[in-house]
Amino acid sequence: MNGKLTHLDSLEAEAIYIMREVAAECEKPVMLYSIGKDSSVMLHIALKAFYPEKPPFPFLHIDTTWKFKEMIKFRDETAKKYGIEMLVHTNEEGVKNGINPFDHGSSYTDIMKTQALRQALKAGGYTAAFGGGRRDEEKSRAKERIFSFRNEAQGWDPKNQRPEMWKLYNTRLHKGESIRVFPLSNWTEKDIWQYIRQENIDIVPLYFAAERPCVERDGQLIMVDDDRMRLREGEEVQIKKIRFRTLGCYPLTGGFESNAVTLDDIIAETLSAVESERTTRVIDKDSGDGSMERRKKEGYF
Amino acid sequence: MKDLLRFITCGSVDDGKSTLIGHILYDSKLLYADQERALALESKVGSRNGEIDYSLLLDGLTEEREQGITIDVAYRYFTTDVRSFIVADTPGHEEYTRNMAVGASFADLAVILVDAAKGVLIQTRRHARICSVMGIRYFVFAVNKMDLVNYDKAVFNRIENEIGKLAKELDLKNIKVIPVSATEGDNVAHLTDTMKWYNGESLLSYLENIDVDAASEEEGFYMPVQRVSRPDHTYRGFQGQIETGRLATGDEIFVLPGNEKAHVTEIYTGDKSENEAAAGQAVSIRLDREIDISRGSVIYKDTNIKITDNVTATILWMDDAPLHSGDNYFVKIGTRLIPGIVSKILYTIDVNTGKYRETDVLQKNEIAVCRISFTDRICAACFKDHKTLGELILVDRIRFATSACGVIEGIGEGSSLVNGKVNARTREACMGQHGVSILFKGYEGFTLMFAENVEKKLILEGRHTYLLSEDKDMSVGEIKKLLYHLNSAGIVVILTVNRAEDIRELTGNEKNMIVYENEDRDIDEAVSFIKKLSSYDYESAGEALYI
């Protein structure tokens, strides 16, 4: 054996192994697709894992109807380019009731994301759902198994996780139970960016700095992506050169000023970053520490 | 490009292992600023009176922070200029041994903490033993809290001696002992001048430079097949990860279990066709001949891999429900899942003292050497020869819990059937039906005639049955006993009972007793009902057990 695999290559091989195990052992898998950089990496690895076959499962996007326009465009172009099956689900009940990120705070996330996801997984009868979650994102994620079990209510029981030994994954399920599978568990944010550069992976242009209309709100820059954006008193729309570190619903995603216009710029910026990435997600700060663990127990991805 | 080292930290409740890792991250400036802020904030309300409590970095679950203990493995990621690291921080409590084993199965190296004031304790021995059972080959013993023993060289030397003895007892080949203070940061990321008598490297520097591949080299090439890809009739690719060695197009390979020969015509690594691929890579292989290959097959060359229907393995029992000799489980080895029986628990090894003890029952967190038989001949190897084919898990056939993990120490020659213990589930598998009792109630003569017709039809359709009609000389208690034995033999019993109170008593708590209500006395309907009830689920139970 000469020439040891690099750090990135061994992470990629691990992710491919996991995806193939799921495809071989699970009855009805689906891959969650959030349009973000982690999803781009997941899709890229899925295409490699099964090549020349197409990934033997569909992709699912939970559309809250409040995503950045550029994200939706990117999603549709990507699905077309690779000829993959892209399913889109929206909680229509929530739309009918006018649930929005301005008036409904944390219940917006619950209704339009968590509940929508549960609806879609249940309707599709999916027994395994891939997610792009990484253990470096948040403390309770650092504790989660790669194959993470959900009970019939799709809740997570952190105290009763199946032991996960070597790469002998136990995928057996009872009726109604399902698994969330996280092939990128052992990646860090830096790994993601370096891999995107190494593999030349397309990502949503919002990750690169450009002049965009935004307002300053609670110490973050919120992009005014369409005319549904409600301005608070004293807020003024300004044009700033900003980019995003994570992508979600535009009224809830903070951008920051940056001149990073290439992948190398982004990597340089990430390597020297002093804030971990979830600080730009408004939802994680809702109710203090342990809030991610609580949401996951309730079925959040 | 940097390579990756996966390691585990083990220690007891107060050994300060979370503090140690916290300190490496902190000293190496590997913390993001907001994590640092959150940490400072939490520490103020925490238990260390406003000083930074590094362990808060790692204990991620609410309950862990409340109780101040680690329950489950936490994974942390950091990179230095030299290497990338993944560290699994594991609980030290005996109660959470299985979670420690999860971390150990993931790691190439173990950092075991020893309290300088206490020396090698029972838990130190337990941690080292479990890491060793799970196949870790490199050990660092960090003798912590040197600050509390005045950085005394004599104390360190005495402990180093104890560790030497432990290493000998467990046959640990590659060990390193380093004196540190996790709270003060001495010899953690940097050497400090508190222990000038110590001539070695700091812990971090050791972790950056150790080569863990030297001991893990295996002979030849092999790859368990994960999946057969057939996008259309022209392409048939075998997907898997190369476990060891190299493979090139044109190579002659063998495929187990059939041991057929073929040549490699194409190797895909991802979406690229390559002439060659090596250990660790995920590949899709095409061959020049149509041979029998499915998930669970193993492709190999230049080494000797066998198929067997029984192995001897050292296992760690992780289930709340105990294991008995003769219990049956699904066994997963490589990419193959197959029904099997723990035919005999040979002896347990005390995790703390290493003493052997004969037993027929294994409790949670105990280690034992067992003989395991499978329902078919599969590819397996001794862990020391071929790591991946030497690892196994046992999965409960009803609850689907991962009940045990283990490593194979010996491959059985010939058949395992001699030593197998037979129980109700084995007999059911052989009979291809579940032993159940169906109670027909009603007027004796008429019901009996109906029951006879139903039984006759069941026999004709391949069921093994017995017709038992209520007998004046037999008490209900005796009937119950008889039913138990018949059902354990895998027999479908049709029982006719007339008296209402007997029916009540017979159907009380019996899980195998079903009352059949059918006023029309339709034979076909009754037959199909009973067939369904007793039908054996080959899908979930696998093939009938070879006993």
What FRET efficiency comes out for the pair B:Asp193/B:Glu252, r = Cβ-Cβ distance, R0 = 56 Å, nearest 0.05? 0.35
Descending semi-axes in whole angstrom, ellipsoid equivalent of chain A, from the Cα gyration tensor: 30, 24, 18
Highest mean packing first, using Cβ neighbours within 10 angstrom, the peptides B:282-292, B:82-92 sort as B:82-92, B:282-292
Give the distance, in whole Å, between the Cα centre of the stretch A:6-33 and the Cα centre of the stretch A:53-99. 21
Using θ = phi - 60° and the Karplus relation 6.51 cos²θ - 1.76 cosθ + 1.60, list the HN-Hα couplings for the stretch B:463-468 in order, rounded to whole Hz, with x at every Gly or Pro. 7, 9, 10, 8, 9, 10
Find which of B:Gly326, B:Cys370, B:Gly340 sits farthest along the positive direction of the dipole of the stretch B:309-421, computed with +1 on the beta-carbon of Lys and Arg, -1 on that of Asp and Glu, about the Cα centre. B:Gly340
Let's test this: bin the Cα-Cα distances of the stretch A:1-106 at 10 Å from zero up to the farthest pair and state each bin's percent. 12, 37, 28, 16, 5, 1, 0
The stretch B:69-143 - charge dipole about Cα centre, Lys and Arg +1 at Cβ, Asp and Glu -1, debye rounded to 20: 240
Greater than 29 Å separation of Cα atoms is the criterion. Which listed pairs, A:Lys37/A:Lys240; B:Lys2/B:Lys196; B:Lys176/B:Lys387, meet it? B:Lys2/B:Lys196
A student asked for the Cα radius of gyration and Dmax of chain B in angstrom ought to give 29.8, 98
Just to confirm the number: angle between the C-alpha axis of helix A:37-50 and the first principal axis of chain A, 0 to 90 degrees, nearest 10? 30
q = 0.11, 0.14 Å⁻¹: log10 I(q)/I(0) that the Debye formula gives for the stretch B:429-538, counting C-alpha atoms only: -0.31, -0.50
Going by how many other Cβ atoms sit within 10 Å of their own, how do B:Thr124, B:Thr269, B:Thr192 line up, fewest first? B:Thr192, B:Thr269, B:Thr124
In percent, what relative contact order does the stretch B:90-152 have, based on Cα pairs under 8 Å that are 6 or more apart in sequence? 40
Amide H of A:Ala129: which non-local residues (sequence gap of 5 or more, or other chain) have their own amide H closer than 5 Å, using H built in the peptide plane? A:Val30, A:Ile179, A:Arg180, A:Val181
Here the stretch B:482-498 yields Karplus 3J(HN,Hα) values (6.51, -1.76, 1.60; θ = phi - 60°; whole Hz; Gly and Pro given as x) of 4, 4, 4, 5, 5, 5, 5, 7, x, 8, 8, 9, 9, 10, 10, 9, 9
What does the structure give for B:236-248 when I average, per residue, the other chain Cβ atoms found within 10 Å of the residue Cβ? 2
What list do you get for B:His127, B:His464, A:His61 if you sort them by fewest beta carbons within 10 Å? B:His464, A:His61, B:His127
Per-residue mean of C-beta atoms belonging to partner chains within 10 Å, peptide A:178-186: 1
Looking at the protein assembly as shown, what % of its DSSP beta bridges pair antiparallel, to the nearest 5? 65
DSSP beta bridge pairing in chain A, given as percent antiparallel to the nearest 5: 60
Considering only the stretch B:429-538, percent of DSSP beta bridges that pair antiparallel, nearest 5: 5
Residue-wise, which Karplus ³J(HN,Hα) couplings in Hz belong to the stretch B:354-361, taking 6.51 cos²θ - 1.76 cosθ + 1.60, θ = phi - 60°, and x for glycine or proline? x, 6, 8, 8, 7, 7, 10, 10
Value at 222 nm in deg cm²/dmol, rounded to 500, when DSSP H runs of n ≥ 4 in chain A each add -39,500 (n - 2.57): -9000 deg cm²/dmol
Taking the number of other C-beta atoms within 10 Å as the exposure measure, put B:Asp193, A:Asp9 in order starting with the fewest. B:Asp193, A:Asp9
Rank A:Leu206, A:Ile179, A:Ile196 by how far each Cα sits towards the positive end of the charge dipole of the stretch A:171-220 (+1 on Lys, Arg Cβ; -1 on Asp, Glu Cβ) and give me just the farthest. A:Ile179
What's the average, rounded to a whole number, of partner chain beta-carbon atoms within 10 Å of each residue's beta-carbon in A:5-16? 6
With N denoting the number of residues in the protein assembly as shown, provide Rg(C-alpha) divided by 2.2 N^0.38 Å, to two decimal places. 1.05
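Bear in mind these aren't lab numbers, they're just calculated from the coordinates by the rules spelled out. Being a predicted model, the structure only gives us computed values, none of them experimental. In this analysis, Cβ positions are derived from the backbone assuming ideal geometry, glycine residues included, and neighbour counts consider all displayed protein chains.
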